[in-house]
Amino acid sequence: MPTDSLQLIGAGGHAAVVADAAMLSGEGRLVVFSQDRYQAGHDVLGCVVQLLDEGIVLGRIHVAIGNNAVRSRLQRQFSGRGAVSTTIIHPQAIIAATSAAGAGSFVAAGAILAPRSRIGEGSIVNHRAIVDHDVSVGEFSHIAPGSVLGGGVKVGSGVLVGAGATVMPNVTIGNGATIGAGAVVLADVSAGATVVGVPGREIRKNA
């Protein structure tokens, strides 16, 4: 068990999920911070939320915020100040010996990382999501609850794969794309696109 405390940054629902996993995996003492002064003093699983002062020096951190862009900004900000981004894996996740999860990533209860899968820095693999063999997920992406990435899928950075979505094997999803909840993705998705439906279709692309 680590002797130093783990600093969680974030105090919303996702932070409660991360805090629970951290406690169950033996991370030791937790200190919860928020940049939102209205959350200061609230409780996250027995931890009183403290206001995150810009002058605070943090050691081991985990940015427990669901929004990909915000999570990326804060993790990079504090890592640049010398904080160490800590990966948290729920003890009931199934992790292949040949898989790898990047710094500051989170793997929730019931999630599966199959052989030779790779999860990038600061990414989330949420409850019961399946990341099959030889899948790569870029940094600061979110694979939402119950979603399935088939073998050989390549997911870019800053991607949201919505709850219950299925991405068929060997599909590539570009950076910043959004896959809607329940969508079935049969073909490659361009960067910044939004895909919905069964079969999945692109409905918007960022300029």
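The values are calculated or read from the model by the stated rules, or taken from the named source; none is laboratory data. The structure displayed is predicted, hence computed values, not measured ones. Note: ideal-geometry Cβ built from the backbone for every residue, glycine included; neighbour counts use all protein chains shown.
Listed values, structure above:
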item	result
Any hit, segment 170-183, residues being surrounded by fewer than 17 Cβ atoms within 10 Å (Cβ to Cβ) and of a type in the set (A, V, I, L, M)	yes
Filter result for ALA19 (among the small types (Gly, Ala, Ser), in contact with a Leu (Cβ under 9 Å, 6 or more places away or on another chain) and closer than 25 Å to VAL131 by Cα)	yes
Filtered residues of segment 194-204 (kept if modelled with pLDDT of 95 or more, surrounded by 15 or more Cβ atoms within 10 Å (Cβ to Cβ) and among the small types (Gly, Ala, Ser))	none
Tally, over segment 148-160, of residues that are touching a strand residue (DSSP E or B) at 6+ places or on another chain (Cβ under 8 Å) and in contact (Cβ under 8 Å) with a residue 24 or more places away in the chain	3
Criterion: aromatic (Phe, Trp, Tyr), within 21 Å of GLY158 (Cβ to Cβ) and outside the structural domain of ILE130 (by TED's automatic domain parsing) - qualifying residue of PHE106, PHE33, PHE78	PHE78
Close pairs (6 angstrom Cβ cut-off, 6 or more residues apart or separate chains): more than 15 Å from SER147 (Cα to Cα) in segment 171-197, of a type in the set (S, T, N, Q) and in a loop (DSSP other than H, G, I, E, B) anywhere	GLY174/SER190; ASN175/SER157; ALA191/ASN175; GLY192/ASN206
Some residue of segment 193-204 being of a type in the set (S, T, N, Q) and assigned to a loop (DSSP other than H, G, I, E, B)	no
Positions within segment 100-122 being out of contact with any Lys or Arg (no Cβ under 9 Å at 6 or more places or on another chain) and small (Gly, Ala, Ser), in sequence order	ALA103, SER105, ALA114, SER117, GLY120
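Yes/no per residue for (1) surrounded by fewer than 16 Cβ atoms within 10 Å (Cβ to Cβ); (2) at pLDDT below 95:
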position: THR3; (1), (2): yes, yes
position: LEU6; (1), (2): no, yes
position: MET23; (1), (2): no, yes
position: HIS42; (1), (2): yes, yes
position: PRO91; (1), (2): yes, no
position: ALA97; (1), (2): yes, no
